[in-house]
Amino acid sequence: MSGQPSTVSEFPEWPQYGDEERTGLIRALEQGQWWRMGGSEVDSFEREFGDYHGSPHALAVTNGTHALEVALEVLGVGPGTEVIVPAFTFISSSLAAQRLGAVAVPVDVDLDTYCVDPAAVEAAITPRTKVIMPVHMAGQFADMDALDKLAADAGVALLQDAAHAHGAQWRGRRAGALGSVAAFSFQNGKLMTAGEGGAVVFPDEELRERAFLVHSCGRPRTDREYLHSTTGSNYRMSEFTAAVLRAQLPRLDEQIALREQRWPLLSSLLAEIPGVVPQATDPRTDRNPHYMAMFRIPGIGIERRRAVVDALIARGVPAFVAFRAIYRCEGFWMADASDESVEVIAARCPNTEQIHSDCVWLHHRTLLGTEQQMHEIAAVLADVLAG
Ligand SMILES: *Cc1c(COP(=O)(O)O)cnc(C)c1O
């Protein structure tokens, strides 16, 4: 023993790119038309991304937050409606609903998978509920069987926040083949990226057509007379973004395969560390792209967790404090929020309360590292926690 704290060797960089992205950008440039109405990159990307996810009805948009907004809008969300969201998620899940004037209703998540708890969803359904929005946390599907049934029985729509679930499969089917709408993000850290970008995959062309109007200022595609047949905004993806994403898509399979090899090893090593509990996997998610390597340190508390994350970063592990409970963000209450209080929501979200203060995640590029690096991560974490 040298007495020096060990550090982990460099992980692969993120984002990754090569000649395919370069060629794509030049191809988009040389079309001489840089928006989707003049070029062909966005159209091609929609076909390719949709096909990959099991539905030919994809719509590319500006980012993942807007993907949720457009999807919610065509599903009828607006003032006077409610959208059920997990209390533990990135804020866009609730923000998108609130932006449309709806009330976002946070419900508790499962303590092991960090995905929305179907029983909590069921208890939150009211006559105003329009949409149930599960988040496939870190690539692990929420219980789609239970949620599908709940949504069908209640006559409400299901919108998958699939911002972490590119290429993920639930019992052999990808997000676009599950019969509900799915929204994706291509922000810089996501599993495929052009810095920013988003997509919505629809189960049918009718919904997709309505979303097309919404995403283009309400204007029919072939319109030359400024008809603006419906309301909306400009959520159009640029040709450059689409060209990069077309090059990113074929990288997914290999990266997913590698992360699927690494996570079982890393999670078993993490589970051996006293006090560490890795995110559980539901075997019905039979392909998991592993957007994050997540684990809990039950009872650690917010202060000590921050110190642990800082120590991990200092020793070469790209670690992050996990999402805050959305109802513990000030912004959540500045919108047309529910008439419940923080205390009332917290009391019915005991699992979220724990995860809120004890969950840590590692960037997915760690899972593109070597087997040796999985051992190094676990050794560093054990050391940090012992210190
Ligand atoms: C990243 C993310 C979004 C939003 O995507 P952006 O492209 O950053 O707007 C939505 N939901 C979840 C769960 C996310 O992680």
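Worth pointing out:
- Alpha carbon centroid spacing (whole Å) that separates region 211-252 from region 61-112: 21 Å
- Between the exposed loop cleavage positions of the chain, defined as chymotrypsin sites (Phe, Trp or Tyr not before Pro) in a non-H, G, I, E, B DSSP state with at most 15 neighbouring beta-carbon atoms within 10 angstrom, the longest gap is 35-225.
- Going from the fewest other Cβ atoms within 10 Å to the most, the residues M133, M374, M37 appear in the order M37, M374, M133.
- Loop-resident trypsin sites (Lys or Arg not before Pro) (DSSP state other than H, G, I, E or B) in region 51-154 with no more than 15 further Cβ atoms inside 10 Å of their Cβ: R128.
- Rounded, prolate or oblate (a/c below 1.5 giving rounded, otherwise prolate when a/b exceeds b/c) for region 1-79 by Cα gyration tensor: oblate
- Loop GluC sites (Glu not before Pro), region 216-258, which have at most 15 other Cβ atoms in a 10 Å radius of their Cβ (DSSP): E225
- Sorted by Cβ neighbour density within 10 Å, fewest at the top, the residues M334, M294: M334, M294
- Sequence-separation-based contact order of region 19-249, relative, with Cα cut under 8 Å and 6+ spacing, percent: 27 percent
- Using C-alpha pairs under 8 Å with a sequence gap of at least 6, the mean separation divided by the residue count of the chain gives a relative contact order of 22 percent.
- Each residue in V277, V131 was given a count of other beta-carbon atoms within 10 angstrom of its own, and listing them fewest first yields V277, V131.
- Solution diffusion estimate, µm²/s, Stokes-Einstein, the chain, Kirkwood Rh from C-alpha pairs, 4 °C, viscosity 1.567 mPa s: 60 µm²/s
- Kirkwood-type radius of region 262-384, with distances r between different C-alpha atoms, in Å: 15.7 Å
- Region 251-386: relative contact order as a whole-number percent, Cα under 8 Å and 6+ apart: 37 percent
A short reminder: the numbers here are calculations on the coordinates, not readings from a lab. As the structure is a prediction and not an experimental result, all values here were calculated from the model. No Cβ is skipped: glycine too gets one built from the backbone with ideal geometry, and neighbour counts run over all protein chains shown.
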